[in-house]
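Q: First the structure, which I've put down as structure tokens, then a few questions once you've had a look.
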Amino acid sequence: MKFRHTASQLDEKIELQMTPMIDIVFQLLVFFIMTFKIVAQEGDFNIRMPLASAGGVPDETQLPPMKLYLTADSQGELQWPIVLNEQSFDSFPALTQYLIGLLGTESGPGSARESAEVELHFDANLRYEYVVKAIDAVSGQLDPQTGRIVELVPKIRFAPQTAGG
Amino acid sequence: MRIRRKETKIQEGDLTPMIDMTFQLIAFFMVLINFTQTEQLEGIYLPTAALAKPPEGPMETPITLHVDRQGLVTIGGQQVDLNGLVPHLINEVNVLVIRKKSPSDATIIIRADRRVPAGKVQDVIRVCQENRFDRFVLRVLQSTD
């Protein structure tokens, strides 16, 4: 048996229903836009705060920690200069440069950088952001060429708070 | 004169570019969406630092303490002062002991406001130390400069 296609049958296009798909796609889009949240990247600084009782026998090979002193005015603002190892600094980058000179560029095991420790002494009313800036300055620097973090002092701790500080 | 009636045709716009764009947008938002429970608290402005490292992975037993501008601590959704923090920490220690862990296994994440006096943060750390916690991280915002 022979089927004859009429001209009208050949011309007919099968059209997909786009409307439900577009509906769903827009719903998805709205959902993602509504739940989207721009969050700034956060990072951590590890600080060493060993328990007083866990001191045990002090390690003879361990160098004593360098003491960094930060003082505050009555408003809690940082007062320059800051003092490390009896040296005064007028900026945090100057402090970083001093530490680079002091600890050298080697960062392997057994190097001065690996065992270096900084103890932060600060006034109780000093604003916390200055303490973080100081930690930022002593913990390392960004390599200007590669943009990677070059660690400087891995161990940072807070000095016990003194009364009335 | 006889006017011949024109055949009416439905003008259909080409939907393909629009659908392409919409799918691209969906893909963009799908990739960027983050369903993880953010530990943020409104009203706390973290200090910024260039060298802070993003957490390498989820911490084993993190305890997040938010310290606001006045030095009040928020733990587990409750705002407490320094004395009020102690029962919460004892509770955390008990939970750790039940899980056969010690306070040294937990990490205290301190999210302190940049304007809080640093002595208040130090007080919070001291109270945690008194409850045998000794691992601390200071959480900051990463600055790009």
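The values are calculated or read from the model by the stated rules, or taken from the named source; none is laboratory data. Keep in mind that this is a model prediction, so the values were computed, not measured. Backbone-built Cβ (ideal geometry, glycine too); neighbour counts: all protein chains shown. With ligands, DNA and RNA removed, areas are computed over all heavy atoms of the protein, side chains included. Shrake-Rupley method; radii C 1.70, N 1.55, O 1.52, S 1.80 Å.
Q: How much solvent-accessible surface does B:His66 expose, in Å² to the nearest 10, with a 1.4 Å probe and all protein chains in place?
A: 20
Q: A further question follows. Using protein chains only and a probe of 1.4 angstrom, how many square angstrom of A:Tyr69 are accessible, to the nearest 10?
A: Accessible area of A:Tyr69: about 100 Å².
Q: Compute the Cα gyration tensor for the stretch A:64-158, then decide on rounded, prolate or oblate, letting a ≥ b ≥ c be the square roots of its eigenvalues: rounded whenever a/c is under 1.5, prolate when a/b is larger than b/c in the other cases, and oblate in all that remain. Mind showing how you got there, number by number?
A: Values: a/c = 2.09, a/b = 1.68, b/c = 1.24.
It is prolate, given that a/c is not under 1.5 and a/b is the larger ratio.
Q: Between Rg and the Kirkwood Rh of the stretch B:48-142, both from Cα atoms, what is the Rg to Rh ratio? Could the numbers behind the result be given before it?
A: Values: Rg = 13.1 Å, Rh = 13.7 Å.
Over the Cα atoms of the stretch B:48-142, Rg/Rh equals 0.96.
Q: Give the average, rounded to an integer, of partner chain Cβ atoms located within 10 angstrom of each Cβ in B:130-140. Show your work: numbers first, answer last.
A: Working: counts 2, 0, 3, 2, 5, 5, 8, 5, 10, 5, 10.
Taking the mean over all residues of the peptide, I get 5.
Q: Near A:Lys155, which lysines are there with a Cα under 29 Å away, not counting those fewer than 8 places off in the same chain?
A: Answer for A:Lys155, where 29 Å is the Cα cut-off: A:Lys67, A:Lys133, B:Lys53, B:Lys100, B:Lys101, B:Lys120, listed by chain and number.
Q: Which residues in the stretch B:108-145 have a backbone N closer than 13 Å to a point placed 7 Å from the Cα of A:Gln41 along the Cα-to-Cβ line?
A: Residues B:141-145 qualify, since their backbone N sits under 13 Å from the label point.
Q: Going by a ≥ b ≥ c, the root eigenvalues of the Cα gyration tensor, does the stretch B:22-86 fall in the rounded group (a/c under 1.5), the prolate group (a/b larger than b/c) or the oblate group? Working shown, then result.
A: Working: a/c = 2.26, a/b = 2.13, b/c = 1.06.
Here the stretch B:22-86 falls in the prolate category.
Q: Among B:Leu32, B:Leu51, B:Leu65, determine the one that fluctuates most according to a GNM of chain B built with springs between C-alpha atoms less than 10 Å apart.
A: B:Leu32
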